[in-house]
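Peer 1: This is the structure I want to talk about, given as structure tokens.
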């Protein structure tokens with residue numbers, strides 16, 4: 001099996017921070033939530049504590065994971081972002097506990113399916129967890145700014 005052909009099973013990191021939560025009943029809601037997220041990321045407190053590349057990376061990761069949850073998941077989709085001192089934990093959950101995330105490997109990019117590998121590249125760690133009748137697909141992204149005393153997060157087991 002190709003080393004990048006699985007998305008690791010790992011619990012969503014439980015870290016303190018501001019929790020942002022949205023319900024995504026349909027694909028159209030993903031655009032609304034992305035605009036709300038972009039507005040939150042434009043707040044001066046976040047622009048001074050994160051790089052533009054990091055904020056754009058979070059938006060891109062959100063878009064990819066939300067799209068996957070809405071297209072391949074089932075039931076109610078929820079997005080949760082925990083804004084921490086050194087980045088964000090992004091988690092998209094749905095009710096399709098039997099449909100686990102499978103990154104596309106060696107596929108023509110024109111055929112799509114490249115979202116999970118892209119999110120893996122943007123994140124310091126990523127995974128999925130199943131519990132309470134929900135599947136959580138998550139990624140941890142850094143702010144791009146060194147926080148004094150903070151240690152970088154562990155690399156994914158895929159690395």
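Peer 1: Just one of (1) under 20 Å from residue 120 (Cβ atoms); (2) touching a residue at least 40 places away in the same chain (Cβ under 8 Å); (3) in contact with a strand residue (DSSP E or B) (Cβ under 9 Å, 6 or more places away or on another chain) trips up residue 53, so point out which.
Peer 2: (3)
Peer 1: If you don't mind, another one. For residue 31, are the conditions met, namely being farther than 21 Å from residue 128 by Cα and at pLDDT below 95?
Peer 2: yes
Peer 1: From the residues in the range 37-47 that are closer than 21 Å to residue 140 by Cβ and at pLDDT 90 or above, which one is farthest from the chain's Cα centre (by Cα)?
Peer 2: Filtering the range 37-47 down to residues closer than 21 Å to residue 140 by Cβ leaves 37-38, 40-41, 43, 45-47.
Among the residues that remain, those that are also at pLDDT 90 or above are: 37-38, 40-41, 43.
Numbers: 37: 13, 38: 15, 40: 16, 41: 15, 43: 20 Å.
Going through the qualifying residues, I end up with 43.
Peer 1: Residue 140: modelled with pLDDT of 95 or more and over 22 Å from residue 22 (Cβ atoms), yes or no?
Peer 2: In short, no.
Peer 1: Given the options 110, 129, name the one that is over 20 Å from residue 27 (Cα atoms), surrounded by fewer than 20 Cβ atoms within 10 Å (Cβ to Cβ) and at pLDDT 95 or above.
Peer 2: It is 129.
Peer 1: Residue check, residue 75 against (1) surrounded by 20 or more Cβ atoms within 10 Å (Cβ to Cβ); (2) on the phi > 0 side of the Ramachandran plot, all met but one. Which one?
Peer 2: Just one mismatch for residue 75, condition (1).
Peer 1: Taking residue 53, is it surrounded by fewer than 12 Cβ atoms within 10 Å (Cβ to Cβ) and under 16 Å from residue 119 (Cα atoms)?
Peer 2: Considered against the rule, which asks whether it is surrounded by fewer than 12 Cβ atoms within 10 Å (Cβ to Cβ) and under 16 Å from residue 119 (Cα atoms), residue 53 comes out as yes.
Peer 1: Within the range 68-80, can one find any residue that is within 21 Å of residue 15 (Cβ to Cβ), assigned to a strand (DSSP E or B), in contact with a strand residue (DSSP E or B) (Cβ under 9 Å, 6 or more places away or on another chain) and touching a residue at least 60 places away in the same chain (Cβ under 8 Å)?
Peer 2: Yes.
Peer 1: Mind checking whether some residue in the range 21-38 is closer than 16 Å to residue 84 by Cα and assigned to a strand (DSSP E or B)?
Peer 2: Looking through the range 21-38, at least one residue is closer than 16 Å to residue 84 by Cα and assigned to a strand (DSSP E or B).
The values are calculated or read from the model by the stated rules, or taken from the named source; none is laboratory data. Treat the numbers as computed from the prediction; the structure is a model and nothing was measured. Cβ sites come from the backbone with ideal geometry, for glycine too, and all protein chains shown count toward neighbours.
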